[in-house]
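A short write-up of the structure that comes next.
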Amino acid sequence: MDIARRSLTFMRGVLKGYAPSNVKKRLWDQEFSEGKWDFIDSTVGDCVYPYLERHANHGHILDLGCGPGNTATELAATVYQMYLGVDISEAALNKALRRSQESGRAAKNRFAQADFVDYVPTQKFDVILFRESMYHVPLGKVKSTLDRYAEYLADGGVFIVRLKTVGSHDNRMKPRPKAMLGIIASEFHVLEQGEHGDLGSTVIVFRPRHKD
C-alpha cells in the first residue's frame, strides 16, 4: 500500500510539473480546493522577505507560481509599488485575491491565471520571483526560461529564487535543486546567496550578465 501511495504521489508530482497546462490546472485546483495546501497559508517571517526588501527598489514585483498569495500580503506594503502574482490554479488565486482585499492591498496587488512556463508579461519588473516554483521547470529549460523572463527585468532588476535544497530526513543536498543552483551560478551574475539551514532552503539573487 505504501509503495502504491508513493507511486501515485510521484506521478501526480510529475503531471503537475510537466503535463499539458489544462491537466496541471485541474490537479492544482483540486489540491487547493481540498485544502491540501492550507498549511502554507502563513509564512510570516520567511527567509525570502529580507532579500525582497533589499532588491524590490520600491518598484514592481512579478511572482511566478504565487499560490495563495503569501508574498502579496506578508511582504511589507512599503517595500513595493505594484505586485503581480501568476499561478496556474484558479482556486489558489481566488484565495490570494481575497487575502489581498482583506489586507487592504487590492489597489496594488494584481493576479493572473496562467502557466508561468508559457506566460508572457506585458511590462518590466524590478524583481522576478520564483518562490519554490523553479522545481516545476525541467532542468534542460532552466536557462532558457530565465533568459526569456530576463527580457522583462527593468534596468537594475533581479531574479530571486527560493529553493528547498536540503532533505528534511537526511540533511543532504537534493540533487535537482543543487543542479539548478549550478546552472544559475554558471550562466548568470550572482549578487548574493544565502543558506538557511533551519529551513533547509537557499535563496539566490542574480541577474543576466549583459545587464551588469
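Inter-label distance, residue 43 to residue 90: 2.5 nm, where each label sits 7 Å from its Cα along the C-beta direction. Taking label positions 7 Å along the Cα-Cβ direction at both residue 171 and residue 135, the computed distance is 2.2 nm, reported to one decimal.
Rounded to the nearest 500, what is the chain's calculated 222 nm mean residue ellipticity when only DSSP H runs of at least 4 contribute -39500 (n - 2.57) each, over all residues? Display every interim value, and only then the final one.
Numbers: 7 runs with 77 residues, N = 212.
Result for the chain: -11000 deg cm²/dmol, rounded to the nearest 500.
Distance cut-off 30 Å, Cα to Cα: go down the list 25/124; 24/124; 95/178; 24/108 and report the pairs above it. Mind dumping the intermediate values first?
On the way: 25/124 26 Å; 24/124 27 Å; 95/178 32 Å; 24/108 28 Å.
Violating the 30 Å limit, Cα to Cα: 95/178.
Taken along its three principal axes, the alpha carbon spread of region 170-212 comes to 39, 18, 7 Å, from the longest extent down to the shortest. You can think of it this way: the chain between residue 189 and residue 114 has 24.2 nm of extra reach, that is 0.36 nm per residue less the Cα-Cα gap. Taking amide H positions as modeled 1.01 Å from N, with prolines and chain starts lacking one, the residues under 5 Å from residue 189 and 5 or more places away or on another chain are 207, 209.
Values in this text are rule-based calculations from the coordinates and carry no lab data. None of these values were measured; they are calculated from a predicted model. Here Cβ is always computed from backbone atoms with ideal geometry, including for glycine, and neighbour counts include all displayed protein chains.
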